[in-house]
1. Let me have the relative contact order for the chain, percent, based on Cα pairs under 8 Å that are six or more residues apart.
2. Which of the three applies to the chain, rounded, prolate or oblate, going by the alpha-carbon gyration tensor with a ≥ b ≥ c and a/c under 1.5 meaning rounded?
3. Let's test the formula: R0 of 30 Å, r as the Cβ-Cβ distance of Gln167 and Glu100. What FRET efficiency results, to the nearest 0.05?
4. Gap in Å between the Cα centre of region 543-559 and the Cα centre of region 202-223?
5. Tell me which of Gln445, Thr532, Ala286 sits at the most positive position along the dipole axis of the chain, charges placed on C-beta atoms (Lys, Arg +1; Asp, Glu -1).
6. Which Cα, out of Phe579, Ala337, Ser192, lies furthest along the positive dipole direction of the chain (beta carbon charges, K/R +1, D/E -1)?
7. What shape does region 265-403 take by its C-alpha gyration tensor, where a ≥ b ≥ c are the square roots of the eigenvalues and a/c under 1.5 counts as rounded, a/b above b/c as prolate, and the rest as oblate?
8. Would you mind calculating the gained length between Arg127 and Ser395 on full extension (0.36 nm times residue separation, minus the Cα-Cα distance), in nm to one decimal?
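The values are calculated or read from the model by the stated rules, or taken from the named source; none is laboratory data. Treat the numbers as computed from the prediction; the structure is a model and nothing was measured. Backbone-built Cβ (ideal geometry, glycine too); neighbour counts: all protein chains shown. Each accessible area value is taken on the protein alone, full model and side chains, heavy atoms only, with ligands, DNA and RNA left out. Shrake-Rupley method; radii C 1.70, N 1.55, O 1.52, S 1.80 Å.
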Amino acid sequence: MSSSNTKTPSKPSTTSGGSITSASQECPKIKYLLADLVEVVVQNEEKWVKGAAKNLTDTSAIKTSLERTDKNQDGNFKQYINIDRDVEGQDKRHPEYGREITFRARVKRGDNKTEELGGVKILFKSRCKKAANRTTPDSKIWIDANLSVDQRGGFGSKGGAAETTVQTDDKGWTAPVSFFLSQYAGDQFGISAELDPSVNAARRRPPKLTKKYVVWRKFWYQMTYAKGFAAVQPVKAEEAYKEVFAEMVKSCQKEFEEGDLPNDLQKRTFFKEYQVKKSGRDIKVAVIGAHNKEEFGKGKLYKKDDPKGAPFKANLIICEYQCDPTCSALGKFKLEANGGVVRITPGGGGGIVCKPALSPGSKLVVKGEWSKTLTPWHRGGNIIDSCLEIDKNRSDTLTVKVDLSKGATATRGAVPVPSPEHPVYIKLKVETAKSFLGESFGVGQILCVYRPGADNTKPTPANEQDYNNTVAHELGHMWNQVPEPHQQPASMHDHPLQYVAHGGSGSHCRYGMQLLYKKNAIVSKDARTTITKCASRATTHTVASTTGFYKDHKVKVNGSSKTVLEVKDTTHLKFTESFTAKKGYAVEQKMSDYPVDWNDSNQNKPVPYNGDCMMYHSFSKKCSNKFCRICKAYLQLQDMSSF
Ligand SMILES: [Zn+2]
Ligand SMILES: [Zn+2]
Ligand SMILES: [Zn+2]
């Protein structure tokens, strides 16, 4: 760029004849009134939108209209910002979708003449009422409540100005004025229009206002379950999402039968209940897991495009039993009779032995052999699936009946008949089933367990409330919850209560446990500093840095236990007792001194604790049945515009 100052030649005035700014304007001055502020949408033609803005008073310019009807309980209009307004094409453009809403205003003359309506300045303003949890963010959990430019609302563009001035055309209309809502769900916006103060008004009137638009998101779900299974709509999960301004819309449901599955999987999906549950019924239930879950996400059952225009549709695959195939340990047993009962050694496997094994094409017996003597072991032959039977009345889901006469092989001679006098020793390693309560996988596929017979009077795995929690939790995973460090929406800090491992699979929230630490202090990392000034018998000591230290926490000063009473500033810690400290003493706060060492994923599983978040890693009898207040903020800024 040149450093010399070039002067732009001044342009001749190009104002139109009707403009009030025209130098040739004659007296008396024309007086104006603001006649309309309408919301508009361009489909095959421009239409005005009934609902939030006032009805159009002169329909000669914009003849047709449509109505937006989705409202909050408080009468404000929902704007589903995560959905493309042209999801069904421009001819069906949805004014209530996307962040952009378009308005136009119209002026008329005080004397009702229709000439010289152009060039009148109209001032558009927006007012934002922040979502409640954005107005008073907890500085410890969310220091930066200031949205990034892209996340803010404004005229003309994301993060645009809060006001804009537009001129009218010859007919008295402004061009369409775009306003972009913020990205924080629950934020409310109202738009107003008035004559610019420089305009000669016939009467000064208050601005025309729209009702409020509220930032929402929306997604759909389908319920997929076995025919005859009494699945229920997860209305409490819907409520939990409402609290973060996300609408869960129930669409079609799909009941599957054995015939919907490939041949081999039919018998590995529908089991008599006693096969997977102690004292289970003699009726068939669906068992879904790693072995067959993909089947329910295929087009035959998952109607991805029903209804039309629903781009984010989860598939809730609801079953009474969710089990993954695993393998037992190799156990040795003594058999004193055919039909004798053995309890399989689970090892790292699951707690259920069912027949057939879950995995497609697989046999139940992984390794099976018999010997007449325990030591030395002489393999006399093999034990195969037909030798094992699951007893309807078994006392434990790991027990099987073993009958060598039903197909065991012998390398030489006959298969022995075991008796107390002549027991036969057997080695068995079998396929097992490991039980779970929910999982999200693939694109929008959610496995969730619901047991209609479970106790609803108290917290119980897979009862109605827990099923709802599972649905909300697994959908949460689908929507990036709990965000791992640096995976959260821009402008937010790392989720302070996020953890992986510690007994769970995926990323979870430890809100309940956190209450153990008092005062909502966020403790997730070890902190260490040193004393920088000697002080004798003092309660307040000077340290290099107080970063990471918290009130009420135990620390070690030069190896001896102290408790922090207050973090006074960036270099001073006040303790509950006075002591003498020397320069260079180490001050350490260790997470391993707390009930759960969050730094070590192998140690100290968290235990259920009052107030547990729905994003806790497993069933908690102390679950609040809600997203905690920390998770809510993350959900309210989560994009949700792709799976
Ligand atoms: Zn619509
Ligand atoms: Zn999880
Ligand atoms: Zn949480």
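1. Working: 1508 pairs, mean separation 66.1, N = 643.
RCO, the chain: 10 percent.
2. Working: a/c = 3.57, a/b = 1.69, b/c = 2.11.
Oblate.
3. 0.90
4. Cα centres, region 202-223 to region 543-559: 49 Å.
5. Projecting each Cα onto the dipole axis, the largest value belongs to Thr532.
6. It is Phe579.
7. Values: a/c = 3.28, a/b = 2.44, b/c = 1.34.
It comes out prolate by the Cα gyration axes.
8. On the way: separation 268, 0.36 × 268 = 96.48 nm, distance 6.64 nm.
Contour length minus Cα-Cα distance gives 89.8 nm.
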